[in-house]
1. Out of all the residues in the stretch B:356-365, is one or more at pLDDT below 95, of a type outside the set (Gly, Ala, Ser), surrounded by fewer than 21 Cβ atoms within 10 Å (Cβ to Cβ) and outside any helix (DSSP H, G or I)?
2. Which one is surrounded by the most Cβ atoms within 10 Å (Cβ to Cβ), of the residues in the stretch B:309-318 that are facing chain A (nearest Cβ under 7 Å) and either among the acidic types (Asp, Glu) or in contact with a helix residue (DSSP H, G or I) (Cβ under 6 Å, 6 or more places away or on another chain) (or both)?
3. Grab the strands (runs of 3 or more DSSP E) fully contained in the stretch A:267-311, keeping just those with 1 or more residues being hydrophobic (A, V, I, L, M, F, W, C) and within 24 Å of B:SER167 (Cβ to Cβ).
4. Suppose we filter A:ALA238, A:ALA248, A:ALA310 for residues that are without any contact (Cβ under 8 Å) to a residue 40 or more places away in the chain, surrounded by 24 or more Cβ atoms within 10 Å (Cβ to Cβ) and of a type in the set (Gly, Ala, Ser); which single one remains?
5. May I ask you to verify whether B:GLY287 is more than 30 Å from B:LEU479 (Cβ to Cβ), more than 25 Å from the chain's Cα centre (by Cα) and more than 10 Å from chain A (Cβ to nearest Cβ)?
6. For a quick check of your reading of the model, give me the residue pairs whose first member lies in the stretch A:11-32 and is facing another protein chain (nearest Cβ under 7 Å), whose second is among the polar types (S, T, N, Q) and assigned to a helix (DSSP H, G or I), with beta-carbon atoms closer than 7 Å and at least 6 apart or on different chains.
7. Which of the residues spanning the stretch B:511-532 are within 29 Å of the chain's Cα centre (by Cα), of a type in the set (Ser, Thr, Tyr) and closer than 30 Å to B:LEU472 by Cβ?
8. Does A:LEU231 satisfy the criteria of being closer than 16 Å to B:ASP290 by Cβ, part of a strand (DSSP E or B) and within 11 Å of chain B (Cβ to nearest Cβ)?
Amino acid sequence: MSAPEHSTEHETDLDPMNGHENPGLGYHRPRRSDVDDKADKKAERQVAALFGLSALGTVVAIWAYFSLNDIDPGDVDSIRQVNMWIGIGTFLAMIGIGLGAIHWAKTLMRDHEMTEDRHELRSSDEAREGAIQNLKDGVEDSGLGGAKRRSVLKGSLITALAIAPLGILVPQIGNMGGDWNVSKFRHTLWGPGVRLARDPDGAPIRAADVTIGSVFHVIPEGLNDLDHHHLISEKAKAVVLLVRLDPADLKIQEGREDWSFDGIVAYSKICTHVGCPVALYEQQTHHLLCPCHQSTFDVADGAKVVFGPAKRPLPQLPIAVDDDGYIVAQADFDEPIGPSYWDRLKGGDATVEEESH
Amino acid sequence: MGTKLNSAAAGTANYVDERTSIGGFVKFFARKLFPDHWSFMLGEIALYSFVVLLLSGVFLTAFFVPSMTEVHYEGPFATMHGVAMTEAFASTLKTSFEVPGGLLIRQIHHWAALLFLAAIMVHMCRVFFTGAFRKPRELNWLVGFTLMILGLAAGFTGYSLPDDVLSGNGLRIIDGVIKGVPIIGTYISYWLFGGEYPGTDIIPRLFTAHILLVPGLILALVALHLFLVFLHKHTQYPGGGKSHRNVVGLPLFPVYTAKAGGFFFVVFGIIALVASLFTINPVWNYGPYDPSPVSAGTQPDWYILFVDGLLRMWPGWLFGLPTEWVIGGYTLSLNILIPAAVVPALFFGFIALYPWIEAWATGDRGEKHVLDRPRNVPVRTGIGVAMITFYVILVIEGSNDIVANLFHLSLNDITIFFQWGVFILPPLAFWITRRICLGLQRKDRELVLHGHETGTIVRYEHGEYIEVHEPLDEQELWLRVSYENYTPLEIAPELNDHGVARKGYRWDRFKQALSRFYFEERIEPVTAAELEEARHHHDEHAPHGLDEAAEAEQADERLDAEWEQVDGGAKK
């Protein structure tokens, strides 16, 4: 068992390299279980014990499952505990089998390496010629090549095959996009006179309730009356962040002199980078931070980008105060909110912008 | 009893064989040899986590409802009472709280997915650094590469299914990225979401992709991957008795049936243990998807972090110039396209094509079945470490807010550091790694030529001191001298004998340049002649070095014993 098994037929495989001869397989050290009968028996007992452990694990898992009957399903901690015990039982059940089998293989099965030849993967020249001949024969039989070149058949078949998938693909792709009305991005629920309301309860906001330094997460009033599907789609576009600054800190943007009210400004909450909600406001610096990719916008200065991957400022919602003292929108946003896309400055009705000026 | 069983087995075998000629297959497979090494288990971990994914996934499909219909939660979890949510989210809560063991299976599924991708990537690294992708395995490298991409797709589609706040935001980022595609971006977004984001179609569509399309493709490619492993026979590490024309190992049955089969249970067991002890994706804390809230420190699963890192790193304004351009009224969002599409495409494209790139440099057309020690291919090893460095930078940047919090650093500083680091650190890593490899090769040469240091110093009668070196045994020697000694390609001149420019010269020039990059600076293995010369030299220099060392040692021991006597006497 101790000397390496060299069979002469493999010697030819051992090419020399850089002038050195391959010494062949090294000395094989026998294991204790190979030479000592006691060690052999001990290993056998260990393997059996590991398989036994597995069976025990299965019992633990089943026991934990049935103990679940007494648990309150609303209590997360006890649910977790039961799951933990089922998991630990499963762990023991699996690891016992696994370690047992591996220990068996390592101590009691053959560990003396054997050698086998490899064969080049390339087919023999004969096989290759045969393959080519067979293909040629096939082409000849079909009439696509050889004496009769049925080029009309070839051409019409290729055409038919090329366009056949369209019968399935066109309706499939055509329907998958829903209504394909991509100019929907341009509009939100905001419009003249729509009140700004708190997210999520929908209560309208009075200008007097907005103290300096405070932040409101805002939705258009009436959003919550929509059905769930429309609510989510519209909310995804319409969410706004309302902030009141000291009017002395606020740099009014050119052409937007009447878009704010006494230091209160409203900006779209959807990041102009890839569309995460820009939810983190830092009172001291007037910076708005997007938690997804850290685009940072300066609320005091037209929500311009001061750091991060966004390029454009957040769109501003022009606001005013109605007769009852509630904050209302003057109009919809004058540009599509959210991430940039190819034709965001084209098509649709660009009139919104003209109206607001 | 035994004979009865035997005859029953023989009868069954005969029955099956007469109908399938399975005997031939069994003969071929049963004693097929596989080399042994711990690093060959990495691929197995990936395979077994996939099996665990299939098993736990089947369990989950029994309870998950892939629907975006609105419901109001009425289950036992009090915090969510009456909250409007999609059926997808409600059924995820139900699976967690009301299905016995459901939470465990969810966690097993999620942990197994993380392990699946980690194992694939580490396995790829093993294959890369040992050169296991060389002929004839280039196609299998591509199959494996495709499996990694499919693994990412499987992970992402699954992550989005519960329709919680985090996964919804993840989908919104995907939507934002898609919209950044020039010309057709908005139409792809509509095609994917069935209209305006988020719509009501995306969860059922992702569900079909996640449980049918992607795993079906993975299963088919795993079969192809393993078929090719059998066809090629496994690679082996270098050593005595191993060559490109043989395979040294242990038989599939019973040794690897037990080891590999057992290892499946070990992987399953470990996943079960981790899943039972560590909570993952507790969606009941996040709440159902709502486009408004998002919390700080939101993170995708780790395998998506590198894209997120790229998105975080690429600035909207670069040296005062915008990276989003408006050309003729159309918007081109380079700040999305470059980080989310161009860089990943180049990175993955390079990985996919790497076997061919290296083959151009070596010009070697032979089959390679003995693996490389990473030090023996310094440029490849350097490239590998540079790519890992690049990837790790992106992963860290992808969680820069958490890193900033953990180490009390400025978020902006981390981003600025990596914006420079991503260009500087990978080349630096390449250079350092290559130097280390060359150093290790020099060390190998030194060992081969001069042998092991023994620590025994001998003084000659004429006063010279030498350290006795012990020559390497034949196995140690072979390991250090049996590597391919590639030299830069030499190409035919541009003009042929008739003074006419030949075809393909430029391509040859390119390959030559590549080859120089790889092999210009190299440490050549010690040849037999060099070794002969060195030994001869040693013998001349120290004709009886070893004998004298033995003599010196004996003298040492004698002195020790004498000292012991004297010392012992003194103590008494």
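The values are calculated or read from the model by the stated rules, or taken from the named source; none is laboratory data. This structure is a prediction, so every number in the text was calculated from the model and none was measured. No Cβ is skipped: glycine too gets one built from the backbone with ideal geometry, and neighbour counts run over all protein chains shown.
1. yes
2. Only one residue tops the list, namely B:ARG312.
3. Ranges flagged: A:280-282, A:287-289.
4. A:ALA310
5. Judged against the criteria, B:GLY287 is a match.
6. A:PRO23/B:GLN475; A:GLY26/B:GLN475
7. Scanning the stretch B:511-532 gives a single hit, B:TYR518.
8. Criteria not met by A:LEU231.
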